[in-house]
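Peer 1: I have a structure here, written as structure tokens, and I will follow up with some questions on it.
The values are calculated or read from the model by the stated rules, or taken from the named source; none is laboratory data. Worth saying up front: this structure is predicted, and the values here are computed from it rather than measured. Here the Cβ is made from the backbone with ideal geometry for all residues, glycine too, and neighbour counts use every protein chain on show.
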Amino acid sequence: MIAKPSTAAAVAPTAQQSRADHDRMANAIRALAMDAVEQAKSGHPGLPMGAADIATVLFTRFLKFDPADPAWPDRDRFVLSAGHGSMLIYAALHLVGYDAMTLDEIKRFRQLGSLTPGHPENFITPGVETTTGPLGQGLANAVGMALAERHLAAVFGSEIVDHTTYVLASDGDLMEGISQEAIALAGHLKLNKLIVLFDDNGISIDGPLSLADSVDQVKRFEACGWNASRIDGQDPEAIATAIEQAKASDKPTMIACKTTIGYGAPSKAGKASSHGSPLGADEIKGAREKLGWSEAPFQIPTDVLTKWRAAGQRAKATHKDWDRRLAALPADKRGEFERRMRGDLPGALNGAIRALKDKFAKEPKETATRVASELALEAITAAVPEMIGGSADLTGSNNTRTKAMQAMTAADYSGRFIHYGVREHGMAAAMNGMALHRGIIPYSGTFLVFTDYCRPSIRLAALMGERVIHVMTHDSIGLGEDGPTHQPVEHLAALRAIPNLNVFRPADTVETLECWQLALQARETPSVLALTRQNLPQLRKGLDEQNRCAAGAYEISPAQGQAQVSLFATGSEVAIAIEAQKLLAEKGVAARVVSVPCFELLFAQPEAARRAVIGDAPKIAVEAAVRQGWDAIIGSDSGFVGMSDFGASAPYKDLYKHFGITAEKVAGAALSKLGKRP
Ligand SMILES: Cc1ncc(C[n+]2csc(CCOP(=O)(O)OP(=O)(O)O)c2C)c(N)n1
């Protein structure tokens, strides 16, 4: 079936180039890739040389972009999922005229501080949409970008949001498991503006693909609800025709482009030897002869550069038309679109949070923090329309879907809740893609133990500095009967080890609300909210306008008099620490309790503030998890009450007793630290 033609926002494809012109333009990519890799003495020339025809057709005839405005919201997105082929995108960006991508930057390929790092990094290089290198991630990010496009088009109209997401994916991308999650979701949601160009060169690092893989990718994509075809990936007209057909489709499209890795290299073309090392002077000389490219290294002939630069200007008029359409929108709609694209939070948010805090103060709730999170989301998502929620098939357990939220479906992309299916990795990567697209703040859920299934994407969100929020419930042995397979033990420590990731473990309803506020305010930091399955008392009573979690740690229950011991805890164990404080008081020992909802925010405090909250008294920490990481707060000589092994299957109260995570144990640890008999 053929979809409706897209609106005027699309750029009409440029007329066919002569084959000779095309070849010279593609050879410019090949030459820059060979030369830059040779100069750096490292890198991957094979992919850019093989896929140069695909990139030339895409960038000069289809891709809608404006080098003068790399962040133009309605640009097409191009994702080089096979990030090792980075010279392909650097060469293309230089040739089409992105100012920042000078020839000098190409000459500094893979050098410190250059715009041409080994693998593309979106936060370094204008024109790079996402950070790729870990295979499969880019493809899955692109699904999120395509989702974001469909949703924002449904909200703001296709005159403002109407663009295509293109991916160049390699054999490695398609062998990775994440690709299955991504393509299944894209096919299910009929993301017809997603076009994957598969660099079907049959070669990976170890040699021919036949060593390890015999999947029929066309059949595989078709089975997932895509259009899929096979073409000659060195034939520009075949590439152009396939892209034209893809643009008219009502399904996502995969085009398997048969290419020769290292195309043009006399002895290494078609071989793994061209994949990931410099070709060498003789091979490059031979390639220049074979390709008819007589220029010196890094030299692009004027006629070729002129054609490329002209291609870079193709969308100028389209961009101007789009500017006019945006300007003609009613002021409130335009303002809302621009606000979302900037990533500013709406003014209504703080009021909504304040009102709910007020309510919690008046009617304290004994509830699980996952339920507290749902209550927070009821208020927050009503105030922040750019929040798109979801869950990896644990909606009722993660409490991420509020009553007002409609599901996003292929029939209605305006919905704000995504049923990701049992696809944690694909979900986390799609969330990254949505955040990178701009205009959306994605949040989603699964069990904390399954952060292991999302970790590569969470790590990339942290590296890229993207605001994505992971609601991770069932955060300890407190989940009970499901047992050790489901009980996270080392996960908090493992997540805290990722730089630029805020790991929140709130202790009650009020802290949960405050942590949500902090997660939303962290524009360049992803967050994990670790939440309980089991009910917890509300510890914060009375209205406290200050967001106390913002300091990362604070005294939640002061000592009666001079503190003789400090008890540190997070989440569900804060209530246990407060119980221990009472037991200690009965023994005449004054203890203070410090809640530590976020290590990272604590470590970001000025030294004096950090010292003040940590204090000088002897220290005990309690957390139903491994000790790793805690020594930075309590020191290696302090007491720790927690887990040192996997959990077990039993009702959670029995487990807390069995593993000794109780007020009595905490009080006992404090007394022995003070040299007193428990
Ligand atoms: C998740 C992940 N695993 C392993 C690698 C290391 N690696 C880089 S490229 C590659 C495979 C190369 O084959 P292909 O994807 O077909 O690329 P081509 O040889 O065509 O350039 C591997 C294993 C990686 N980048 N990411």
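Peer 1: What is the one condition in (1) surrounded by fewer than 14 Cβ atoms within 10 Å (Cβ to Cβ); (2) free of Cβ contacts under 8 Å to residues at least 60 places away in the same chain; (3) in contact with an Asp or Glu (Cβ under 8 Å, 6 or more places away or on another chain) that Val622 does not satisfy?
Peer 2: (1)
Peer 1: Give the number of residues within the stretch 499-536 that are touching a strand residue (DSSP E or B) at 6+ places or on another chain (Cβ under 9 Å) and not in a helix (DSSP H, G or I).
Peer 2: 20
Peer 1: Could you say whether any residue in the stretch 378-385 is within 25 Å of Asn141 (Cα to Cα) and either free of Cβ contacts under 8 Å to residues at least 12 places away in the same chain or touching a Leu at 6+ places or on another chain (Cβ under 7 Å) (or both)?
Peer 2: yes
Peer 1: Given the conditions (1) within 25 Å of Gly480 (Cβ to Cβ); (2) away from the ligand (no atom under 16 Å from the Cβ); (3) acidic (Asp, Glu), which single one is not true for Asp452?
Peer 2: It fails just one condition, (2).
Peer 1: For the stretch 58-87, enumerate the residues that are within 24 Å of Glu237 (Cβ to Cβ) and away from the ligand (no atom under 16 Å from the Cβ).
Peer 2: Leu58, Phe59, Thr60, Arg61, Phe62, Leu63, Lys64, Phe65, Asp76, Phe78
Peer 1: Here's a follow-up. Please indicate, with yes or no, whether at least one residue in the stretch 415-422 is outside any strand (DSSP E or B) and within 16 Å of the chain's Cα centre (by Cα). If you could, list the steps in order and put the result at the bottom.
Peer 2: First, pick out the residues of the stretch 415-422 that are outside any strand (DSSP E or B): 415-416, 420-422.
If we keep only those that are within 16 Å of the chain's Cα centre (by Cα) as well, we get 420.
Yes, because at least one residue in the stretch 415-422 is outside any strand (DSSP E or B) and within 16 Å of the chain's Cα centre (by Cα).
Peer 1: Which ones in the stretch 328-358 are of a type in the set (D, E, K, R) and within 14 Å of Glu514 (Cα to Cα)?
Peer 2: Answer for the stretch 328-358, where residues must be of a type in the set (D, E, K, R) and within 14 Å of Glu514 (Cα to Cα): Arg354, Lys357, Asp358.
Peer 1: To continue, here is another question. Do we find that Ala287 is at pLDDT 95 or above, of a type in the set (A, V, I, L, M) and not in a helix (DSSP H, G or I) in this structure?
Peer 2: no
Peer 1: Another question, if that's okay. Pull up the stretch 403-435, narrow it to residues that are surrounded by fewer than 24 Cβ atoms within 10 Å (Cβ to Cβ) and among the aliphatic types (A, V, I, L, M), then point me to the one that is nearest to Leu463 (Cα to Cα).
Peer 2: Val422
Peer 1: If I filter the stretch 256-268 down to residues being within 10 Å of Gly286 (Cβ to Cβ) and surrounded by fewer than 22 Cβ atoms within 10 Å (Cβ to Cβ), which single residue comes out as nearest to the ligand (Cβ to nearest atom)?
Peer 2: By that ranking, first place goes to Ser267.
Peer 1: Okay, next question. Within the stretch 112-161, track down each residue that is closer than 14 Å to Leu191 by Cα and either within 16 Å of the ligand (Cβ to nearest atom) or small (Gly, Ala, Ser) (or both).
Peer 2: Answer for the stretch 112-161, where residues must be closer than 14 Å to Leu191 by Cα and either within 16 Å of the ligand (Cβ to nearest atom) or small (Gly, Ala, Ser) (or both): Leu139, Ala140, Asn141, Ala142, Gly144, Ala146, Ala148, Ala153, Ala154.
To keep it simple, each residue is scored yes or no on (1) in a helix (DSSP H, G or I); (2) surrounded by 14 or more Cβ atoms within 10 Å (Cβ to Cβ).
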{"residue": "Val304", "(1), (2)": "yes, yes"}
{"residue": "Lys307", "(1), (2)": "yes, yes"}
{"residue": "Ala310", "(1), (2)": "yes, no"}
{"residue": "Arg314", "(1), (2)": "no, yes"}
{"residue": "Lys320", "(1), (2)": "yes, no"}
{"residue": "Arg324", "(1), (2)": "yes, no"}
{"residue": "Asp332", "(1), (2)": "yes, no"}
{"residue": "Glu336", "(1), (2)": "yes, yes"}
{"residue": "Arg339", "(1), (2)": "yes, yes"}
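Rundown of residues vs (1) within 10 Å of the ligand (Cβ to nearest atom); (2) within 22 Å of Met49 (Cα to Cα); (3) at pLDDT 95 or above, yes/no style:
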{"position": "Gln180", "(1), (2), (3)": "no, no, yes"}
{"position": "Leu197", "(1), (2), (3)": "no, yes, yes"}
{"position": "Ser204", "(1), (2), (3)": "yes, yes, yes"}
{"position": "Pro208", "(1), (2), (3)": "no, yes, yes"}
{"position": "Cys224", "(1), (2), (3)": "no, no, yes"}
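Peer 1: Would you point out the residue of the stretch 549-575, among those that are assigned to a strand (DSSP E or B) and touching a residue at least 40 places away in the same chain (Cβ under 8 Å), that is farthest from the chain's Cα centre (by Cα)?
Peer 2: The selected residue is Val565.
Peer 1: Could you tell me which residue of the stretch 89-107 is nearest to the ligand (Cβ to nearest atom), considering only residues that are in a loop (DSSP other than H, G, I, E, B) and buried (at least 18 other Cβ atoms within 10 Å of the Cβ)?
Peer 2: Among those residues, the one meeting the criterion is Met101.
Peer 1: Related question: Being closer than 16 Å to Leu80 by Cβ and of a type outside the set (Lys, Arg) narrows it down to one of Ala186, Ala169, Ala153, so name that one.
Peer 2: When all the criteria are applied, what remains is Ala169.
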